[in-house]
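What follows is a set of notes on a single structure, which appears directly below.
The values are calculated or read from the model by the stated rules, or taken from the named source; none is laboratory data. In this text the structure is predicted, and so the values were computed from the model without any measurement. Cβ sites come from the backbone with ideal geometry, for glycine too, and all protein chains shown count toward neighbours. Quick note on the areas: whole protein, heavy atoms, side chains included, nothing else; ligands and nucleic acids left out. Shrake-Rupley method; radii C 1.70, N 1.55, O 1.52, S 1.80 Å.
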Amino acid sequence: MDKKVYRVLKTIVIAIIVISLILSFVVSHDLHHLDTCEVEHCSVCCIIQGAQSIVNMTVTVFVFVFTSFIIYFCLARMYEQVRVWAKKSLIFQKVQLNE
């Protein structure tokens, strides 16, 4: 890939991590506000619930990406092993001798 694409992806990932940290700080700082608030449409409660949902979504996406990476890594390693075994076969060696 191009260096510009890497920079943009790196900037997006860093921004997501920073926003997630800020929102998790908001959630942890005012967590007891949800228990004690008696106002019907409280703006702080809405902010806390939105932050909680964003943090939960970020964790879910992280887990999904991590498991996808592990599966891809394992499948890539299996493909390399198959290629190596094909090169050690007698048919492959005979073709190489004939060339």
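Mind listing the lone cysteines of the chain, meaning no other Cys beta-carbon sits under 4.7 Å from theirs? By the Cβ distance rule, which asks for a partner under 4.7 Å, the isolated cysteines are Cys37, Cys46, Cys74. Solvent-accessible surface of the chain, averaged per residue with a 1.4 angstrom probe and all protein chains in place: 91 square angstrom. For the set Cys74, Cys42, solvent exposure ranked by accessible area (probe 1.4 Å, protein chains only) runs largest to smallest as Cys74, Cys42. Rg over Rh for the chain works out to 1.38, using Cα positions for both radii and the Kirkwood form for Rh. The long axis of helix 43-87 is offset from the longest Cα principal axis of the chain by roughly 10 degrees. Taking the 1.4 Å solvent-accessible surface of the chain as the whole, the part contributed by carbon and sulfur is 71%.
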